[in-house]
Amino acid sequence: MIFLPYDRRPSPPWTGRFAIEAEGVTARYPGVAAPALSNFSLTVPAGSRTALVGSNGAGKSTFLRAAAGLMPVESGSLLVLGRPAGWCRCRVAYLPQKPEVEWRFPAVVQDVVLTGRDAHLGWLRRPGADDRARARRAMERTGISDLASRPIHHLSGGQQQRVLIARALAQEADLFLLDEPLNAVDAETRSSVGRLLNDLCREGRTVLMATHHLGGVGEEADLAVYLSEGRQTPAPCEHPEALS
Amino acid sequence: MSFLLGPLQYPFMRMGLAAAALAGLVCGLLGVYVVLRRVAFVGHAMTHGSLPGLVWAQSRGMSLFGGAVLANLVTAFGIGWISRREDTSEDTAIGILSSVMLAAGLVMASHGRSFRDLTGLLFGQVLGVTGNDLAWMGGAAAVVAAALFLFHKEWMLATLDPGHARLIGLPVGLLRTGYLILLVLGVSSAVRTVGAVLTGALLVAPAAAARLLCRRLPAMMAVSVLISVAGGVGGLYLSYYAGWPSGASIALLCAAAYGLARLATSGKAGR
C-alpha cells in the first residue's frame, strides 16, 4: 500500500553530531507579554543525556515544546536532528509533563503502545505483525509486558508513565524529549526508567529531559543546563531552594 | 414467530424497520465518539437544530433528509461562529443555538401548513418513511461506516491522545471537523424515524451502555451498534403492539439497555 505520511515534509535518516542546535531562541505564549524563553542557546550532542534543570516557570517545558514543533519560535534558530523544529515528526518522541491522554478511553496497554507506530504508518495503513512485534519489544524493555491486556484506566501513575515511555520506544525515535519523566513515580519506576534512558543513550539515541529535581541529575545526565525565568543561568542555579 | 412476522405484512412497517435499523447503525457508530469525546451536548444541539430544516423541507415537499442536513450544517457552523470569542464557551453557544433553532422550527411550523405534522417531526414519524428516505439513509450510513473504518486509527489517536496526535502531524482540527460533518449526516438520517427531540437517545444511550460493557474500542463500536439497531427495531415492534409513539419507544428501549448495562456492571465501579 502507498505510504501517505501525516506530515509531507521529507524526514531523511539523520546522522549528525548534534541532535539539537538552539541559538538565541525566544518563545512566547499567546497573550502573554513576557517571553517564556528568552535568548536561549543550547547544543545537545547526539547520543547524550542532557538535563534541563529549573523551577516551575523557568522555561524548560517551553523549550521542549518548541523542540517538538508544538510551539513556534519567535526569534533565533532551533534545529532538531538537523532540520527546523517540527520537521522530523516520526524521529522525535515527546513526553509532556501533563499528557493529554484520555485514560478512561476503552483501550488496553498494548493498544496505546501500538499507537507509537502510527507516525511510521501514515494515513490508511493498519499496524502489521512487524509493528506489533516492535510494540511488544518496547513493552518488554519497560517491564510492562504483564500489563499488555490491562485496560488503561486500571493503571497507576507510575504504570501510565511507563506505558507512555514504551510508546515512545515503539516509535523508535532518535530524540526523546521528556518533561519531568521521573516526577510523581515510585522509586522502582524511577530506577528502571533511569536505566532505560542510559541504555537508549548507549544505543546512540539522544535524551533531553526537563527536571526541577536536582538530586541524581549530576550522576545520571551527561550535561545539566540550568534555567531561571526563561534564561540560562550558571550552575548551580541562583535559586537552589526552589529546586530542592 | 407470528409475533415477529405479523407486522412485516405491512409495507410501511417493512420500510420503517429498515429505516430504524439504518438509523441504529449510524447512531450506534457515531455515538461511540460522541460519548468518548464528551460531545453529547453537540449531538443534542444537532437533533434539535434539525427542526427548521425538517419543517422547511416538508412544507415544500422536499427531502426531509436534505432539509435536516442544511439545518444541521447551519447549527454546526453557528456553534463554531458564536464560540469564536474567548468569552463565549462552546457549551454556551450550543445552549443558545439549540434553543434558537428549535424555536425557529416551531415558528416556521406555526406559519405554514406543516404545523399538523409537527408532532411527527419532533417525535418521529416512521409510518411516512419513503423509498427515497431509505436511499438517503443508506447512503449516509455507507459514508459514515466507510469513514470510521478507513480513518479508525486516526480518530482513535485524536481522541485517546490529541497531544501525541498533533506531535506526529495528524490534523486534529480537521479530524474534528470531519467528525462533525459525519454527525450532521448521521443525525439528519435518524431524525425522520426517531424525531428531532429523541434522536439524542439513540445517539448517546447505546454507546454509553457499550462503554460500560467493553474494554476496547472495536468491541465498544460493535456492541453500541448492536444495542442501537436492536433498540430501533425493537422500539418499532413495541410501538406496533403497545400503540406507543415510535420515537419514544426507541428512546425508552435504548435507555433501558443503558440501565441494564449499569446493573450488570454495578460491581465494577470505575469501569
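Here are some conditions: (1) more than 19 Å from the chain's Cα centre (by Cα); (2) among the polar types (S, T, N, Q); (3) at pLDDT below 90. A:Ser55 meets all but one. Which one does it not meet?
Checking A:Ser55 against (1) more than 19 Å from the chain's Cα centre (by Cα); (2) among the polar types (S, T, N, Q); (3) at pLDDT below 90, the one that fails is (1).
Pick from the range B:129-152 the residues that are β-branched (Val, Ile, Thr) and under 17 Å from the mean Cα position of the chain (by Cα): which of them is surrounded by the most Cβ atoms within 10 Å (Cβ to Cβ)?
B:Val129
Which of the residues spanning the range A:146-175 are closer than 20 Å to A:Arg89 by Cα and outside any helix (DSSP H, G or I)?
Passing the criteria: A:Gln171, A:Glu172, A:Ala173, A:Asp174, A:Leu175.
Out of A:Ala68, A:Ala46, A:Ala27, A:Ala51, report the one residue that is within 14 Å of chain B (Cβ to nearest Cβ) and either crowded, with 18+ Cβ neighbours inside 10 Å or over 21 Å from B:Ile168 (Cβ atoms) (or both).
Within the list A:Ala68, A:Ala46, A:Ala27, A:Ala51, the selection yields A:Ala68.
I'd like to verify a number: residues in the range A:123-146 that are away from chain B (no Cβ under 13 Å), surrounded by 15 or more Cβ atoms within 10 Å (Cβ to Cβ) and not charged (D, E, K, R), how many?
Residues meeting the conditions: 7.
Can you find a residue in the range B:113-128 that is within 14 Å of chain A (Cβ to nearest Cβ) and surrounded by fewer than 17 Cβ atoms within 10 Å (Cβ to Cβ)? It would help to see each step written out before you state the result.
Narrowing the range B:113-128 to residues within 14 Å of chain A (Cβ to nearest Cβ): none.
No, the conditions are met nowhere in the range B:113-128.
So, in the range A:79-92, how many residues would count as being part of a helix (DSSP H, G or I) and within 9 Å of another protein chain (Cβ to nearest Cβ)?
Taking the range A:79-92 and keeping what is part of a helix (DSSP H, G or I), we get A:89-91.
From what's left, within 9 Å of another protein chain (Cβ to nearest Cβ): A:89-90.
Final tally of qualifying residues: 2.
From A:Pro96, A:Pro72, A:Pro127, A:Pro106, which residue is under 18 Å from B:Pro171 (Cα atoms) and in contact (Cβ under 8 Å) with a residue 12 or more places away in the chain? Give the steps one after another, and end with the answer.
On the way: A:Pro96 fails: under 18 Å from B:Pro171 (Cα atoms); A:Pro127 fails: under 18 Å from B:Pro171 (Cα atoms); A:Pro106 fails: under 18 Å from B:Pro171 (Cα atoms).
Every option except A:Pro72 fails the conditions.
Could you tell me whether B:Ser224 is within 11 Å of chain A (Cβ to nearest Cβ) and crowded, with 24+ Cβ neighbours inside 10 Å?
Working: within 11 Å of chain A (Cβ to nearest Cβ): yes; crowded, with 24+ Cβ neighbours inside 10 Å: yes.
Spelling it out, B:Ser224 is indeed within 11 Å of chain A (Cβ to nearest Cβ) and crowded, with 24+ Cβ neighbours inside 10 Å.
Residue-by-condition table, conditions (1) facing chain B (nearest Cβ under 10 Å); (2) within 30 Å of A:Phe18 (Cβ to Cβ); (3) outside any helix (DSSP H, G or I):
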{"position": "A:Ser77", "(1), (2), (3)": "no, yes, yes"}
{"position": "A:Tyr94", "(1), (2), (3)": "yes, yes, yes"}
{"position": "A:Pro99", "(1), (2), (3)": "yes, yes, yes"}
{"position": "A:Trp103", "(1), (2), (3)": "yes, no, yes"}
{"position": "A:Leu114", "(1), (2), (3)": "yes, no, no"}
{"position": "A:Ala119", "(1), (2), (3)": "yes, yes, no"}
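Give all pairs with beta carbons closer than 7 Å in which a residue from the range B:143-160 that is at the interface with chain A (Cβ under 8 Å from one of its Cβ atoms) meets a residue that is crowded, with 20+ Cβ neighbours inside 10 Å and of a type in the set (D, E, K, R); count only pairs at least 6 apart in sequence or on separate chains.
Short answer, once both residue conditions are applied: B:Lys153/A:Asp118; B:Leu157/A:Asp118.
With surrounded by fewer than 24 Cβ atoms within 10 Å (Cβ to Cβ) and more than 14 Å from chain A (Cβ to nearest Cβ) as the only criterion, which of B:Leu236, B:Leu202, B:Leu180, B:Leu212 stands out? Write out each step before concluding.
Values: B:Leu236 fails: surrounded by fewer than 24 Cβ atoms within 10 Å (Cβ to Cβ); B:Leu202 fails: surrounded by fewer than 24 Cβ atoms within 10 Å (Cβ to Cβ); B:Leu212 fails: more than 14 Å from chain A (Cβ to nearest Cβ).
Matching residue, one of B:Leu236, B:Leu202, B:Leu180, B:Leu212: B:Leu180.
Given the conditions (1) at pLDDT below 90; (2) farther than 21 Å from A:Arg162 by Cα; (3) surrounded by fewer than 24 Cβ atoms within 10 Å (Cβ to Cβ), and given that A:Arg91 satisfies all but one, which numbered condition is not satisfied?
(2)
Among B:Ile250, B:Ile227, which is the only one that is under 15 Å from the mean Cα position of the chain (by Cα) and modelled with pLDDT of 95 or more? Reasoning before the result, please.
Working: B:Ile250 fails: modelled with pLDDT of 95 or more.
The unique qualifying residue is B:Ile227.
Residues checked against (1) part of a helix (DSSP H, G or I); (2) at pLDDT below 95; (3) not hydroxyl-bearing (Ser, Thr, Tyr):
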{"residue": "B:Ala196", "(1), (2), (3)": "no, yes, yes"}
{"residue": "B:Ala219", "(1), (2), (3)": "yes, no, yes"}
{"residue": "B:Val223", "(1), (2), (3)": "yes, no, yes"}
{"residue": "B:Tyr240", "(1), (2), (3)": "yes, yes, no"}
{"residue": "B:Trp244", "(1), (2), (3)": "no, yes, yes"}
{"residue": "B:Gly259", "(1), (2), (3)": "yes, no, yes"}
{"residue": "B:Ala269", "(1), (2), (3)": "no, yes, yes"}
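Assess whether B:Ala205 counts as being part of a helix (DSSP H, G or I), free of Cβ contacts under 8 Å to residues at least 40 places away in the same chain and in contact with a helix residue (DSSP H, G or I) (Cβ under 6 Å, 6 or more places away or on another chain). Steps first, please.
Details: part of a helix (DSSP H, G or I): yes; free of Cβ contacts under 8 Å to residues at least 40 places away in the same chain: no; in contact with a helix residue (DSSP H, G or I) (Cβ under 6 Å, 6 or more places away or on another chain): yes.
No: the conditions fail for B:Ala205.
The values are calculated or read from the model by the stated rules, or taken from the named source; none is laboratory data. Because the structure is a prediction, the values reported are computed rather than measured. Counting neighbours? That spans all protein chains shown, and the Cβs are built from the backbone with ideal geometry, glycine included.
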